[in-house]
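Q: The structure under discussion is supplied below as structure tokens; questions concerning it will follow.
The values are calculated or read from the model by the stated rules, or taken from the named source; none is laboratory data. Not measured: the values here are computed from a predicted model. Cβ placement follows ideal geometry from the backbone for every residue including glycine, while neighbour counts extend to all protein chains displayed.
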Amino acid sequence: MRVGVLIVELYLPGCTSLKGKRSIVKSIKDRLKNKFNVSVAEVDFHDLHQRALIGAAMIGNDPKHLNRMLDKLVNFVEEARGAELVNHQIEIV
């Protein structure tokens, strides 16, 4: 069994409040959960209006498949409205 972990750092240029940030981050998290059936959480930068760090995890047997699926998550996040992908990291454990 393998665990694939994705960490995504986002810049939220239009956010001027934590309420606006929560709205964008929640939308991204919910869409990732529904579309890809992964576990997702905001893991850092909770008090900053224009930055977010989101973590996602999935379990599987084939590391290549996990890597492909996590790449799809990255592509999905890149297209999210209201957020710009700054950095991402994929790790297969």
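Q: Every residue in segment 69-93 that is surrounded by 12 or more Cβ atoms within 10 Å (Cβ to Cβ), without any contact (Cβ under 8 Å) to a residue 24 or more places away in the chain and more than 21 Å from residue 20 (Cβ to Cβ), please.
A: 71
Q: Does residue 54 qualify as being of a type in the set (Val, Ile, Thr) and within 10 Å of the chain's Cα centre (by Cα)? So that I can check it myself, show each step before the final result.
A: On the way: of a type in the set (Val, Ile, Thr): yes; within 10 Å of the chain's Cα centre (by Cα): yes.
Yes.
Q: Can you go through 7, 24 and tell me which one is modelled with pLDDT of 95 or more and out of contact with any Ser or Thr (no Cβ under 9 Å at 6 or more places or on another chain)?
A: On the way: 24 fails: modelled with pLDDT of 95 or more.
When all the criteria are applied, what remains is 7.
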